[in-house]
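Structure first, commentary second.
What follows draws every value from the coordinates through simple rules; no lab data is involved. Note that this is a predicted model, so its numbers are computed, not measured. Ideal geometry is used to build each Cβ from the backbone, glycine not excepted, and the neighbour counts take in all protein chains shown.
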Amino acid sequence: MIKQSIFRVARSRAFSTLVKLLENLESRPNLLRVLTYHRVDYLDARPDLDPDLISATPEDFARQMEHLAEHCLVVTIDQVLESVRDKLPLPPRSVLVTFDDAYSDFSEHAWPILRRLGLPAVMFVPTAFPGQARRFWWDTVYELLHTWKDDQELRELGIEALPNETRTQTYRRVVCELKMVPHDELLARVAELSRQGGLSAPVSPVMTWDELKKLAGQGLTLGAHTQTHPLLNRVPLEMAVEEAVGSLQELRSHVSEVASILAYPGGAFSDEVVHHLRDHFELAFTTCRGINDMGRADALRLRRINVSCYTPNSLVRAQMLGGVRHLNHRWPLESASG
Ligand SMILES: [Zn+2]
């Protein structure tokens, strides 16, 4: 209800005008806004994939990037790394554009727009996926729940749809519940569901290594996103470190120059995980909302602003205003998945 009210206000002309006015006053250096995108595609393009991960349609993405090109300074990962290493302030209006999961629609829709505008971007790659006929566990659950339309059939799979719940609501609830269990249990449960549900072999939703290498050659920055995309607070510490470091090594075996950067899958981490990754990574990105004041931010717990096709663009832009850093305390820097 509150969310709907905020969205209604954000869609008003007055709100857009106010955001525009405040954007023109931005002058404070060393604030880094990091945008998180997942997929850029049309809602019905891949009925087998969770559309909640579509951040923008290609047209909306083009408008968003044109705005950044005109009004912001889209920085490279090297600029961020240099500013952290040398403690040099980033220029005012600095923005880093990041993508998680390496979905194939990036090369089809997002990259041509970024190239046309000459904007740099970072892609965080779960390295066990490129070139493999496997999909992410949430996409498997999504397909199952939307293929098996009947409540009784779902019950046979051990999934209870609650009264008055839409299929999408059931899906989101099941995903939340699965995120709470240890990763190996989650995978076993999803594999069993997939077997019982008789899903056909998946078409890989992720770019191949050849594509990733080609894009890296054209200027796309690649970063680690673990190997198999476990929530790092749902696996033993040793495995969490191995997943993160192993993914960086795998990237480096395919692409010669890869910076020591990581995005925590699902935004999940623990103090212990961060502590052990400090020796291996220079920057790591959470999914905690907010703006990074680089003079004070922990480089292994950087905040990001998620872009969703459901969120009005004026609201994303409002979250990028420098003054919003004073609201960071409202979104504590803790693991997104408990
Ligand atoms: Zn991810």
### Message
Going Cα to Cα from LYS3, which lysines come in below 16 Å? Please leave out same-chain ones fewer than 8 positions away.
### Response
none
### Message
Using Cα-Cα distances under 8 Å and only pairs 6 or more residues apart, what relative contact order does segment 3-108 have, in percent?
### Response
38 percent
### Query
Can you give me the Cα centroid spacing of segment 255-277 and segment 40-76 in angstrom?
24 Å
### Task
For LYS87, go through the aspartates and glutamates and keep the ones whose alpha-carbon is under 17 Å away, minus same-chain ones fewer than eight residues off.
ASP78, GLU282, ASP293, ASP298
### Query
So what's the net charge close to ASP105: Lys and Arg +1, Asp and Glu -1, counting the other residues with Cβ under 12 Å from its Cβ?
-2
### Summary
Given 122-132, 231-241, 56-66, the highest-first ranking by average Cβ count within 10 Å works out to 122-132, 231-241, 56-66
### Selection from ASN30, ILE77, ALA14, by position along the positive dipole direction of the chain (Cβ)
ALA14
### Summary
Amide H neighbours of VAL34 at under 5 Å, excluding residues fewer than 5 places away on the same chain, with H built from the backbone geometry, are LEU96, ASN292, ILE305
### Message
Can you tell me, using C-alpha contacts under 8 Å and at least 6 residues apart, the relative contact order of the chain as a whole percent?
### Response
22 percent
### Message
What does the net charge come to around TYR310 if you take all other residues with beta carbon closer than 14 Å to its beta carbon, with K and R at +1 and D and E at -1?
### Response
+2
### Query
Relative contact order, percent, of segment 158-258 when contacts are C-alpha pairs under 8 Å separated by at least 6 residues?
27 percent
### Summary
Listed by chain and number, the aspartates and glutamates with an alpha carbon less than 13 angstrom from that of LYS20, same-chain partners under 8 positions apart left out, are GLU70
### Task
Any chance you could give the angle, 0 to 90 degrees and rounded to 10, that helix 167-179 forms with the longest Cα principal axis of the chain?
80 degrees
### Task
Apply the Karplus parameterisation 6.51 cos²θ - 1.76 cosθ + 1.60, with θ equal to phi minus 60°, to every residue of segment 80-93 and state each ³J(HN,Hα) to the nearest whole Hz, in sequence, with x for glycine and proline.
5, 4, 4, 5, 6, 5, 9, 6, 9, x, 6, x, x, 6
### Message
Just want the answer: with Cβ charges of +1 for Lys and Arg and -1 for Asp and Glu, which residue in VAL273, SER253, SER204 is farthest toward the dipole's positive end in segment 163-302?
### Response
SER204
### Summary
Candidates PHE269, PHE15, PHE285; GNM for the chain (alpha-carbon contacts under 10 Å) flags as most fluctuating PHE15
### Task
Working from Cα positions, state the angle (0 to 90°, nearest 10) between the long axis of helix 58-71 and the longest principal axis of the chain.
20 degrees
### Query
Whose amide H sits under 5 Å from the amide H of MET123, counting only residues 5 or more places off or on another chain, with H placed in the peptide plane?
PHE99, THR221, LEU222, GLY223
### Message
Could you tell me the calculated FRET efficiency between HIS146 and ASP279, based on Cβ-Cβ distance and R0 = 41 angstrom, to the nearest 0.05?
### Response
0.45
### Query
What is the diffusion coefficient of the chain in µm²/s, taking the Kirkwood radius over Cα pairs and the Stokes-Einstein relation at 4 °C with a viscosity of 1.567 mPa s?
62 µm²/s
#### Entry: Nearest-20 debye value, the chain charge dipole, Cβ charges on Lys, Arg, Asp, Glu
1380 debye
### Around GLN218: net Lys/Arg minus Asp/Glu count, Cβ-Cβ under 15 Å
0
#### Entry: Gaussian network model of the chain, springs between alpha carbon atoms under 10 Å - residue of HIS38, HIS109, HIS67 with greatest fluctuation
HIS67
